[in-house]
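Notes follow once the structure below has been shown.
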Amino acid sequence: MNLTLDWLALAPTLLPAAGVLVVLLLDALLPAASQPARVVGLLLLLAGATAAVPGALGTSERPALSLCMPGAADHACLWSAGPAASALQLGILGACAAVLVLGLGGDGESLRDGSVEVVLVLAAATGGTGVVAARDLPAWLVLLELATVPTVALVALRGNARAAGGALSLLTTSLVSFAFLVLGAALWLLATGSPVLGPVGLRDAAADPVRRPLLLLSVVVLVTGLAFKLSAWPFHAWTPAAFTGASTPIAALLATASKLTATGAVIVVLTPVIALTGTPQVAHSIAAVLGGIALVSMLLGSVVMLRVTDSVRFLAFSTIAQSGWVLLPLAAMNAAGHRAAVGYVLTYAIATLVAFAAVAALGPGEQAGEQAGWGIAEQDQAGPEPSGQAPLEEGHMALGQGGSESAGRPLAAFRGMLRARPLVGGTLGLALLVLAGLPPGIIGLLAKVQALRPVIDVGLWPLAVVAVIAVVIGIAGYLRWVAILVRPAPESSPVGARPGAPTSPRRDTPRGAVAVLGIGGVLLVATSLLPQLLWGLIG
Amino acid sequence: MALMVLVLVPAVLGGLLVTAGRFIQPQDAQRAGVAAALVALAAVVWAAFTDPVVDWAWLPDLGLRLHLGLDGISLPLVLLTALIGVLVTVHACSELPPGGSPATFIGCLLLVEAGALATFCARDAVLFFVAFELVLVPMWVLISRFGDPHDARRRTEAGHRFILYTALGSTLMLIGILLLVGAAHTSQLDELVSAGAALPARTQLTIAVLLTVGLAVKVPVFPLHTWLPAAHTTAPTAGSVLLAAILLKMGSYGLVRLPLASVPDGFAVIAPALGIAGAVGIIWGGLICLVERDLKRLIAYSSVAHMGFVALGVATGSQLGLQAALIGNIAHGLVSALLFVVVGGLKQRWGDVDLAVLRPALRDTAPHRGFALLLGLAAALGVPGLAVFWGEFLAIVASWTPGGEQPVALFRTLAVLAALGAVLGVAYCLRVAGRVWVGGPVPDEPSAVVDVEARGAERLVVTALSVGVLVVGIVPAVVLDVTGPAVAALLGGAQ
């Protein structure tokens, strides 16, 4: 079989893949130096991101195509990156680059074994950028696993009990979801007779009463399997365990690059299915499944956010709630819904990266904070800090163990941050308001408006009315954290000194975190003022 | 140009003051705040004469435009907002609540002002929603950080209640707006007047219900008012003034602009329900005011009663009813601002404003503040010649002869109920006057009396608001003549 190749269209995926090889080679030649590996990895990720820009600025009528069968129509191409897919590639590569930058800090949060982890991040980027554009089923499955498996290793590599627990729950859920995906792929092949996620054979399958249930089942099973990667209900349970088990940069990777990948994968599955809106039996069932998963996820995540006391766990449940918002516009089953989902997930990814950078800026956290019930300090406005905190902190410093850095970053540790460290506090506050959808985080508000719009336009407004409840609960959740930021720091323990003593070098905000906070903050402000900067990428 | 200035100057300066809070001296912040508010006011006056329009593509891919403009319905409210903006920033020169840096406080005041101005100027339904949300976070900071310093838990609760209720309302409104925009294929308010009216009745009804319920939270209309007393009681004086004088008006303005103008047939179906809720609010607010002990809370409940008249006026759907609602808006804005300034000052000095505690007569200890209180109360009970009278009187008249197809018997009953509510207003206003203005005996030694007189900037604010109450009361034509043609055009377009 002869394929026509467009190398430029493949560049966003090939560059990180090349990065894997280069970094491995570097590691073999210079085993001691991990810094060059990070720099090379970062450069190749940024190069890949640059390669994705033309596709994102293009038009959806003429997507970047590659691996096309000779003489066939557009849909016979096995690689199709329209503006939305290119924008997602851009986001994935940017998020992976930010993760590497976060890990460059050189403090307790830095990656343990530079080269290996850089390779794993690059591999996840390769898989992620590939899966959003791949159209043939086997490649799509392999790339999806290429995006998933490295994250399991990245969580586990941290090497403590919590990380092992998190990695195990990630691995278990990922295996179950892989089983679902393989089953879904098999059903797709059976129903359409085509190994391409495209319109070939789809209409016949939908028209045939025998094959229609197979097709329906295949799409539903594929979407359910992908719900795992999106942290959507009912496969959300791994999220808090894996986030708190992983180091902060890796948790950020799970929360952003993985979500962008998963959104892209869902859209790849659903794009050909849009054509079936003429067959209401199929379209309505899929919309019902998507809408149901979306609403349960956003309600569940928002409600738990009201009670969580640890910042990373908070972000984990925030991810679950936001995954519902990504899925909601997809229930509209039209192209506008897909664009809205991409716009939403990109906004979410920027804001979430900023939030994780703020957590990383806190430096290595206290141990075991969340189990001890920090809630008292948060629920009670003027309440004193729990007395056990200072000894714990000192003990941690004295022992100097880097064991569970992100375990126990209580929200209370951010108290008074807005005044004590305006860059961290202000940017984090803006990011939280973006996630909540409240001005001045206008881009978050517009993302919610755009997510609701297609759903309402196709007449599913009752779904939107339920989503209103989730909006309100979500606002209450995010404002808990914002309220802690704006609250004055307690007299006894000035927040500027936390988490280390004033003399500790750790008091300085890690440089990587500052870079991500700065770039992310600028992006959030710029897109809030000129939302076209973001939405223009999606076409 | 003028429109950009009037929105951007307070917004940018407010943002700067908030972000750079701790690096700015209080005096500089106060001066900057007053200057920004004055610039905004000047820009409003300028805009009132030049009638400018700003129309930029903001998010072209999705048809969202940055479209600002003024007409007869929004102009009085924009003027009121700019005026109150100047007064609250001037007031902040004499009273800075604890809880955070002064610059943050003044910045939040300016941000609320900017959001309200943008809301009233917005000519695009989605932009209206965005601007509507803009005031939430600064107002939340004002209540939950700068509120009543005595009770932290209640402050947090009041702030949360405010923002969650309002967010619930505005998100319901958003769904209504998106339904409307999706069905009418335009989001320009001017085009929606004709495009919305052409929609099928069922669609109109759904949209009208969503929009009206969403906006009724903000107004607030009984029984969705429960966030208001808590917010007013805890908010600092300037926050209460902004809340009563401006934020509530965003709700009633929205009612006129969106459901009534855009989906007239759907709104006509639910108008009786809105009228009933308004009338119940009048009676309910009045009854609570008869027994409420906290004076700030009492004024908050009287706001519920006054906004009940506004809701009733809107519900009649007639030209007179709308005129009543619009002048009622302005009147309530001035009177409640005056009362909150007077009572907020009392609360700050006395520590609380419990009516059960008989204090030395205000007429003797603080004649200026006492006079302003009496004027505010007289206006609130609807004395002819003062501002509120016109809103209440016209609303009752309009309710007696409702417009269109509205059930006459029901609206006449509502008119009677509203009149009874006005009588309750007399009772509670006189009760307050008796407890506070007449008050108890004044002790002989002056040192035993807490000095509560309004001085300096505060007296300036009180005087300005008193003059406003008198002017609108004596010459209501200053408002009615501006709104008249716009209301006629709105109703004409709707038919």
Return only the number of the condition from (1) within 22 Å of B:Ala20 (Cβ to Cβ); (2) surrounded by fewer than 21 Cβ atoms within 10 Å (Cβ to Cβ); (3) within 10 Å of chain A (Cβ to nearest Cβ) that B:Pro138 does not satisfy.
(2)
Result of the Cβ filter at 6 Å on segment A:284-304, keeping first residues that are without any contact (Cβ under 8 Å) to a residue 40 or more places away in the chain and partners that are part of a helix (DSSP H, G or I) and crowded, with 20+ Cβ neighbours inside 10 Å, at least 6 apart or interchain, is A:Val304/A:Phe317
In segment A:495-530, the residues that are at pLDDT below 80 and within 14 Å of chain B (Cβ to nearest Cβ):
A:Val495, A:Gly496
Residue hits (segment A:447-491; more than 7 Å from chain B (Cβ to nearest Cβ) and over 26 Å from B:Ala158 (Cβ atoms)) are A:Ala447, A:Ala451, A:Pro454, A:Val455, A:Val458, A:Gly459, A:Leu460, A:Pro462, A:Leu463, A:Val466, A:Ala467
Condition test on B:Val449, is it within 22 Å of B:Arg349 (Cα to Cα) and touching a strand residue (DSSP E or B) at 6+ places or on another chain (Cβ under 9 Å)?
yes
What is the one condition in (1) buried (at least 24 other Cβ atoms within 10 Å of the Cβ); (2) facing another protein chain (nearest Cβ under 10 Å); (3) of a type outside the set (Ser, Thr, Tyr) that B:Ala183 does not satisfy?
(1)
Lone qualifier among B:Val18, B:Val53 - being surrounded by fewer than 14 Cβ atoms within 10 Å (Cβ to Cβ), over 23 Å from the mean Cα position of the chain (by Cα) and touching a residue at least 12 places away in the same chain (Cβ under 8 Å):
B:Val53
Filtered residues of segment B:254-300 (kept if surrounded by 23 or more Cβ atoms within 10 Å (Cβ to Cβ) and either among the aromatic types (Phe, Trp, Tyr) or closer than 19 Å to B:Leu339 by Cα (or both))
B:Phe267, B:Ile282, B:Gly285, B:Gly286, B:Cys289, B:Leu295, B:Lys296, B:Leu298, B:Ile299, B:Ala300
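So which residues in segment A:297-353 are polar (S, T, N, Q) and part of a helix (DSSP H, G or I), if there are any at all?
Keep residues of segment A:297-353 that are polar (S, T, N, Q), which gives A:297, A:302, A:309, A:311, A:318-319, A:322-323, A:334, A:347, A:352.
Residues satisfying the conditions are A:Ser297, A:Ser302, A:Ser311, A:Ser318, A:Thr319, A:Gln322, A:Ser323, A:Thr347, A:Thr352.
Just one of B:Leu174, B:Leu205 is at the interface with chain A (Cβ under 9 Å from one of its Cβ atoms), farther than 30 Å from B:Leu346 by Cα and out of contact with any Cys (no Cβ under 9 Å at 6 or more places or on another chain); which is it? I'd like the intermediate steps shown before the answer.
Working: B:Leu205 fails: at the interface with chain A (Cβ under 9 Å from one of its Cβ atoms).
Within the list B:Leu174, B:Leu205, the selection yields B:Leu174.
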Of all residues in segment B:75-111, count the ones that are of a type in the set (A, V, I, L, M) and within 14 Å of another protein chain (Cβ to nearest Cβ).
3
Going residue by residue through segment B:146-161, is there one that turns out to be away from every other protein chain (no Cβ under 11 Å), touching a His at 6+ places or on another chain (Cβ under 9 Å) and not basic (Lys, Arg)?
yes
Tell me whether segment B:112-121 contains one or more residues that are crowded, with 24+ Cβ neighbours inside 10 Å, away from chain A (no Cβ under 12 Å), more than 20 Å from A:Gly437 (Cα to Cα) and of a type in the set (Asp, Glu).
yes
Name the residue that is surrounded by the fewest Cβ atoms within 10 Å (Cβ to Cβ), counting only residues in segment B:209-240 that are closer than 15 Å to B:Leu339 by Cβ and polar (S, T, N, Q).
B:Thr233
Could you say which residue among A:Ala32, A:Ala11, A:Ala47, A:Ala37 is assigned to a helix (DSSP H, G or I) and out of contact with any Gly (no Cβ under 8 Å at 6 or more places or on another chain)?
A:Ala47
Within segment B:72-107, the residues that are in a loop (DSSP other than H, G, I, E, B) and either modelled with pLDDT of 90 or more or not aliphatic (A, V, I, L, M) (or both) are B:Gly72, B:Cys93, B:Ser94, B:Glu95, B:Pro97, B:Pro98, B:Gly99, B:Gly100, B:Ser101
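Yes or no, residue by residue, for (1) assigned to a helix (DSSP H, G or I); (2) in contact (Cβ under 8 Å) with a residue 60 or more places away in the chain; (3) in contact with an Asp or Glu (Cβ under 8 Å, 6 or more places away or on another chain); (4) surrounded by fewer than 23 Cβ atoms within 10 Å (Cβ to Cβ):
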residue	(1), (2), (3), (4)
A:Leu423	yes, yes, no, yes
A:Thr427	yes, yes, no, no
A:Ala431	yes, yes, no, no
A:Ala451	yes, yes, no, no
A:Val455	yes, yes, no, no
A:Val465	yes, no, no, yes
A:Gly477	yes, yes, no, no
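Look at B:Leu192 and say whether it is in contact with a Lys or Arg (Cβ under 6 Å, 6 or more places away or on another chain), of a type outside the set (Ser, Thr, Tyr) and either assigned to a helix (DSSP H, G or I) or modelled with pLDDT under 90 (or both).
On the way: in contact with a Lys or Arg (Cβ under 6 Å, 6 or more places away or on another chain): no; of a type outside the set (Ser, Thr, Tyr): yes; either assigned to a helix (DSSP H, G or I) or modelled with pLDDT under 90 (or both): yes.
No; evaluated as a whole, the condition is false for this residue.
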So the check is Cβ under 7 Å with 6+ separation or different chains; which pairs have a first residue in segment A:525-538 that's surrounded by fewer than 16 Cβ atoms within 10 Å (Cβ to Cβ) and a second one that's at pLDDT 90 or above and not aliphatic (A, V, I, L, M)?
A:Leu533/A:Thr527
Tell me, yes or no, whether segment B:180-195 has at least one residue that is of a type in the set (Ser, Thr, Tyr), touching a Pro at 6+ places or on another chain (Cβ under 6 Å) and farther than 19 Å from B:Leu66 by Cα.
no
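Residue by residue, here is whether (1) over 30 Å from B:Arg349 (Cβ atoms); (2) outside any loop (DSSP other than H, G, I, E, B); (3) at pLDDT 90 or above; (4) under 24 Å from the mean Cα position of the chain (by Cα) holds:
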{"residue": "B:Gly382", "(1), (2), (3), (4)": "no, no, no, yes"}
{"residue": "B:Gly385", "(1), (2), (3), (4)": "yes, no, no, yes"}
{"residue": "B:Val388", "(1), (2), (3), (4)": "no, yes, no, yes"}
{"residue": "B:Arg412", "(1), (2), (3), (4)": "yes, yes, yes, no"}
{"residue": "B:Ala418", "(1), (2), (3), (4)": "yes, yes, yes, yes"}
{"residue": "B:Gly493", "(1), (2), (3), (4)": "yes, yes, no, no"}
Odd one out for B:Asp148 among (1) more than 17 Å from the chain's Cα centre (by Cα); (2) surrounded by fewer than 24 Cβ atoms within 10 Å (Cβ to Cβ); (3) assigned to a helix (DSSP H, G or I):
(3)
Got a sec? Which of B:Leu59, B:Leu64, B:Leu68 is buried (at least 17 other Cβ atoms within 10 Å of the Cβ), modelled with pLDDT under 85 and in contact with a strand residue (DSSP E or B) (Cβ under 7 Å, 6 or more places away or on another chain)?
B:Leu64
Helices (runs of 4 or more DSSP H) within segment A:122-217 that include 3 or more residues closer than 20 Å to A:Thr13 by Cβ:
A:137-156
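The values are calculated or read from the model by the stated rules, or taken from the named source; none is laboratory data. Note that the structure is a prediction, hence the values are computed from the model and not measured. Cβ atoms come from the backbone with ideal geometry, glycine included; neighbour counts cover every protein chain shown.
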